[in-house]
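A short worksheet on the structure shown next.
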Amino acid sequence: MVVYEVIVRDEGLEFECECGQFEHTGMLCCHLLRVMDVLHLEEVPAKHIVMDGPKMYSTLYMQAMDVVCLGDTSAEAFEHM
């Protein structure tokens, strides 16, 4: 099992994951999304919105959160993510 550390800064306004996906691709990794879900964040912090069209990104985020929640339903579902 590989474990990645997620650092939360600025009271939840900035996140950093040691996997480095956001820094390399501009897309939030599943590790950050999971931490945001655990913290019950309803919006992606502005620092992590890097493309034009935040509305589209918000839709993508919500779809990703649905996947995260599916992983919470059982260990088997989480293994397939």
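Could you please report the charge total around Glu5, scoring K, R as +1 and D, E as -1 over all other residues with beta-carbon less than 12 angstrom from its beta-carbon?
-2
How many nm is it between the label spots at Val38 and Glu11, if each spot is 7 Å from the Cα in line with the beta carbon?
Placing both labels 7 Å along Cα→Cβ, they lie 2.1 nm apart.
By counting other Cβ atoms within 10 Å of each Cβ, how are Met62, Met1, Met36 ranked from fewest to most?
Numbers: Met62 11, Met1 2, Met36 24.
Fewest to most other Cβ atoms nearby, the residues stand as Met1, Met62, Met36.
Each label point is 7 Å from the Cα along the Cα-to-Cβ direction; what then is the distance between the points at Lys47 and Cys30, in nm?
Going from the Lys47 label point to the Cys30 one covers 2.5 nm.
Could you put Phe22, Phe15 in order, starting from the residue whose Cβ has the fewest other Cβ atoms within 10 Å? Don't skip to the answer; put the middle values down first.
Numbers: Phe22 18, Phe15 24.
The order, fewest Cβ neighbours first, is Phe22, Phe15.
Only the coordinates and a few stated rules stand behind these numbers; no lab work does. The shown structure was predicted, so the numbers you read here are calculated from the model rather than taken from an experiment. Neighbour counts are summed over all protein chains in view; Cβ atoms, including those assigned to glycine, are modelled from backbone coordinates with ideal geometry.
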